[in-house]
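Student: First the structure, then my questions, so here it is.
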Amino acid sequence: MDPDPTAAKVAMRRRLRALRRRLAADRSAASERAAALAPLALWGPVRVAAGYGALADEIDPAPLLRRLEAMGARVVMPVAIARDAPLVFRDAGAPATWRPDAAGMLAPPPAAPEATPDLVIAPLLAFDRAGGRLGQGGGYYDRTLAALRARGAVRVVGLAFAGQEVASAPMDDNDQRLDAVLTETGYFEVRPPMR
């Protein structure tokens with residue numbers, strides 16, 4: 001573990017946000033390529049797939065979510081209901097109906113039915129080959145993944161541009177690792193780190 005993961009995270013976030021903006025120049029094509037490379041058969045039958053509403057410079061999960069939906073998965077989106085609580089997942093519905101949630105992100109409204117995903121497509125700023133994930137810093141996904149994993153099996157796939165890979169993502173005790181990573185150039189499963 002990094003001796004000072006907080007300082008390392010702050011520095012890496014600053015650098016990776018600028019990098020991601022440059023990588024996003026080809027965002028639409030990269031999103032389609034990543035979706036085409038997703039090994040859906042390997043993931044088995046997916047009942048409920050959680051995506052996210054992509055920020056302007058994030059790789060867009062929409063093409064991947066369309067593939068999953070065509071195979072019978074119910075698509076849900078994350079919703080922050082309180083600043084320090086895990087996310088809940090609600091039926092995606094029409095994006096025109098989405099409203100800002102507790103984190104200020106557009107999300108399905110309270111009337112949308114909730115569901116527990118068995119596949120989570122997670123956004124990120126950086127990833128490493130050991131499943132390390134650096135998010136935006138709010139801790140929403142770490143709290144959520146910990147809660148989901150405590151309740152049962154869930155596959156967590158980080159979706160990113162290949163250029164977001166780093167040698168080692170700074171991790172602390174609260175950080176949740178990815179099970180796999182999908183980019184516009186390929187897919188890999190994570191092997192647990194050696195202890």
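Student: Scan segment 28-51 for residues that are part of a helix (DSSP H, G or I), over 10 Å from Leu119 (Cα atoms) and of a type in the set (A, V, I, L, M, F, W, C) and report the count. Even if it seems obvious, please write down each step before you answer.
Tutor: Taking segment 28-51 first, the residues part of a helix (DSSP H, G or I) are 28-37, 40-43.
When the remaining residues are screened for being over 10 Å from Leu119 (Cα atoms), the result is 28-37, 40-42.
Checking the rest, the ones that are also of a type in the set (A, V, I, L, M, F, W, C) come to 29-30, 34-37, 40-42.
The total comes to 9.
Student: Taking Ala80 as the residue in question, decide whether it is crowded, with 16+ Cβ neighbours inside 10 Å, touching a residue at least 40 places away in the same chain (Cβ under 8 Å), in contact with a helix residue (DSSP H, G or I) (Cβ under 8 Å, 6 or more places away or on another chain) and not β-branched (Val, Ile, Thr).
Tutor: So Ala80 passes the test.
Student: Then there's this: Just the residues that are within 29 Å of Arg13 (Cβ to Cβ) and assigned to a strand (DSSP E or B), please, taken from segment 101-127.
Tutor: Within segment 101-127, Leu106, Ala107, Leu119, Val120, Ile121, Ala122, Ala126, Phe127 qualify.
Student: Confirm whether Arg99 is farther than 20 Å from Ala160 by Cα, of a type in the set (D, E, K, R) and either touching a residue at least 60 places away in the same chain (Cβ under 8 Å) or in contact with a His (Cβ under 7 Å, 6 or more places away or on another chain) (or both).
Tutor: On the way: farther than 20 Å from Ala160 by Cα: yes; of a type in the set (D, E, K, R): yes; either touching a residue at least 60 places away in the same chain (Cβ under 8 Å) or in contact with a His (Cβ under 7 Å, 6 or more places away or on another chain) (or both): no.
Against the criterion (farther than 20 Å from Ala160 by Cα, of a type in the set (D, E, K, R) and either touching a residue at least 60 places away in the same chain (Cβ under 8 Å) or in contact with a His (Cβ under 7 Å, 6 or more places away or on another chain) (or both)), Arg99 does not qualify.
Student: Of all residues in segment 1-35 being out of contact with any Pro (no Cβ under 8 Å at 6 or more places or on another chain) and small (Gly, Ala, Ser), which is farthest from Gly72 (Cα to Cα)?
Tutor: Filtering segment 1-35 for residues that are out of contact with any Pro (no Cβ under 8 Å at 6 or more places or on another chain) and small (Gly, Ala, Ser), the one farthest from Gly72 (Cα to Cα) comes out as Ala7.
Student: Still on this structure, please answer the following. Go through segment 132-157 and report how many residues are more than 16 Å from Lys9 (Cβ to Cβ), crowded, with 20+ Cβ neighbours inside 10 Å and of a type outside the set (A, V, I, L, M).
Tutor: 1
Student: Counting just the residues of segment 158-179 that are crowded, with 19+ Cβ neighbours inside 10 Å and among the aliphatic types (A, V, I, L, M), which one comes out nearest to Leu40 (Cα to Cα)?
Tutor: Per the criteria, the residue is Leu159.
Student: When the residues of segment 65-100 are filtered to those that are outside any helix (DSSP H, G or I) and of a type in the set (Gly, Ala, Ser), which remaining residue is nearest to Arg149 (Cα to Cα)? Spell out the reasoning first.
Tutor: Residues of segment 65-100 that are outside any helix (DSSP H, G or I), as a first pass: 71-94, 98-100.
Add one more test, that the residue is of a type in the set (Gly, Ala, Ser), and what stays is 72-73, 80, 82, 85, 92-94.
Details: Gly72: 23, Ala73: 20, Ala80: 18, Ala82: 20, Ala85: 15, Ala92: 22, Gly93: 26, Ala94: 28 Å.
Of everything passing the filter in segment 65-100, Ala85 is nearest to Arg149 (Cα to Cα).
Readers should treat all values here as calculations from the given coordinates under stated rules, not as data from a laboratory. What you see is a predicted model, and the numbers here were worked out from it, not measured in a lab. Virtual Cβ from ideal backbone geometry, glycine too; neighbours counted across all protein chains shown.
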